[in-house]
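Notes to accompany the following structure.
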Amino acid sequence: MESILYKEFTSKNGMKSKNRFFKGAMSEGLADKNHLPTESLYRLYEKWAEGGTGIVVTGNVMVDRRALGEPKNVVVEDEKALPYLEKWAERGTGNNTELWMQLNHPGKQSPKGIVSETVAPSAIPLHKSISRFFPHPREITPTEIADVIKRFGQSAKLAKTAGFTGVQIHGAHGYLISQFLSPRHNHRQDEWGGDIHGRMKFLMEVYREIRSQTGSFPISVKMNSADFMKAGFSEEEAIFVAEQLEKEGVDLLEISGGTYENPQMTGKNVKESTKAREAYFIDFARKLRKSVDMPLCVTGGFRSKTGMESALESHATDFVGVARPLAVYPNLPQLLKENRIQEVQLAPIKTGLNWIDSRAPLEITWYSQQLERIGEGKEVRPNHPALVSLLQSVLKNGKDVFQMKRVK
Ligand SMILES: Cc1cc2nc3c(=O)[nH]c(=O)nc-3n(C[C@H](O)[C@H](O)[C@H](O)COP(=O)(O)O)c2cc1C
């Protein structure tokens, strides 16, 4: 009998996928100095398309070049990007692959040295354990809020025109939308803050603007199940927001969790018992299923075929969101289908030297290097030592690597 992983999916809204593999966004850092896509980026997406994933979400694409999450982000602001996006879409949609562009504004999660200033719902810095890496944010004005909303719509429209088959709003991991949702970061007294109705207004308006610019088009939202911080966005609020997103007509909700302040999305601070049964946020998805009837994807922690199948068979999720394993095995869906492997074993990215392990963004440099290698047509290096990877990154990017505290 064929595995549930390879069953087609069609939603009530008409959103389709050839199977249940969903590539979670991974920022590639492969744009050129003008923040435009490059040949390496096209080749990387061609590989993922050939590898058999049903829905591939791009790494976060910025809607404003004054607000970058990382130095080599793709930025989509106007028609200058169109010819590049067309090539990206053409190469990434081969083999009947859905290719969705993830759109983002980092708000205050933009490390020092990349942008001249950062904005946030309120002028509150990040937690003191990491605040030294980020500029102190300025409170965003209502006029600027309206501008950012328009930008999300404009970028989505360009993605659709170029041939992308959907978009995803990055509403998770502590970026601007997630900052608005969080009572810890949003202390506004105006219509954009206050109770959950006010705090979710920014996300809702971004969604409505994209819908009005793109018409009938798959629009997904990535949202936290919770921020896992004192006075942060809670599970109860996440369920309420999901209910509203369903009413609005969102096509798929991807569930993650955590922020730079507590990066649970990549398994940090997640209980060992939760890691062992894979899918860090599956319990939340089970709860959410009782309240919403929209397509769901749970991302974070999937490593084995049986783990993925049991999540789908339990009806907790419609898709398995997979990120890091696809940076090592871009053809993971094929490998699992042909039973060439049963699971992906990813060793923790550590040097064993405490001083370095607690300061350097090893996961980011290590996985980014694998993406770069795939983009350059080289083999990945699953056993590449973390220390060597870090040294190579320092040689290439200088000591600024230590400032890249991004953990998405
Ligand atoms: C190098 C790297 C870059 C990432 N970039 C993004 C991003 O741009 N947008 C996003 O929503 N998540 C991003 N993530 C998080 C992943 O989408 C995913 O939620 C997380 O890695 C957990 O899934 P996994 O256990 O399958 O890797 C990134 C993760 C890594 C390792």
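Descriptive notes on the structure:
- Antiparallel %, DSSP beta bridges [both residues in the chain], to 5: 10 percent
- Separation between Cα centres of segment 1-65 and segment 296-335, rounded to whole Å: 14 Å
- Coordinate range of the alpha-carbon atoms in segment 272-404 per principal axis, descending: 50, 32, 25 Å.
- Å² per residue, accessible surface of the chain at 1.4 Å: 41 Å²
- Taking the 1.4 Å solvent-accessible surface of segment 4-346 as the whole, the part contributed by carbon and sulfur is 49%.
- For segment 136-198, the set of GluC sites (Glu not before Pro) satisfying both a DSSP loop assignment and a count of at most 13 other C-beta atoms within 10 Å is given as GLU191.
- Taking a straight Cα-Cα cut-off under 16 Å and skipping sequence neighbours fewer than 8 places away in the same chain, the lysines within cross-link reach of LYS18 are LYS7, LYS337.
- Low-density loop positions, trypsin sites (Lys or Arg not before Pro), segment 195-288 - DSSP coil, at most 10 other Cβ in 10 Å: LYS230, LYS271
- Percent of C-alpha pairs per 10 Å bin, the chain, short to long: 5, 24, 36, 27, 7, 0
- Lys-Lys pairs in segment 104-241 that are eight or more residues apart or on separate chains and whose Cα atoms lie under 27 Å of each other come to 22.
- Computed helical MRE - 222 nm, the chain, DSSP H runs ≥ 4 contributing -39500 (n - 2.57), nearest 500: -10500 deg cm²/dmol
The values are calculated or read from the model by the stated rules, or taken from the named source; none is laboratory data. Predicted, not measured: the structure shown is a model, and the values here were computed from it. We place every Cβ from the backbone using ideal geometry, glycine too, and count neighbours over all the protein chains shown. Surface accessibility is based on the protein's heavy atoms, side chains included, excluding ligands, DNA and RNA. Shrake-Rupley method; radii C 1.70, N 1.55, O 1.52, S 1.80 Å.
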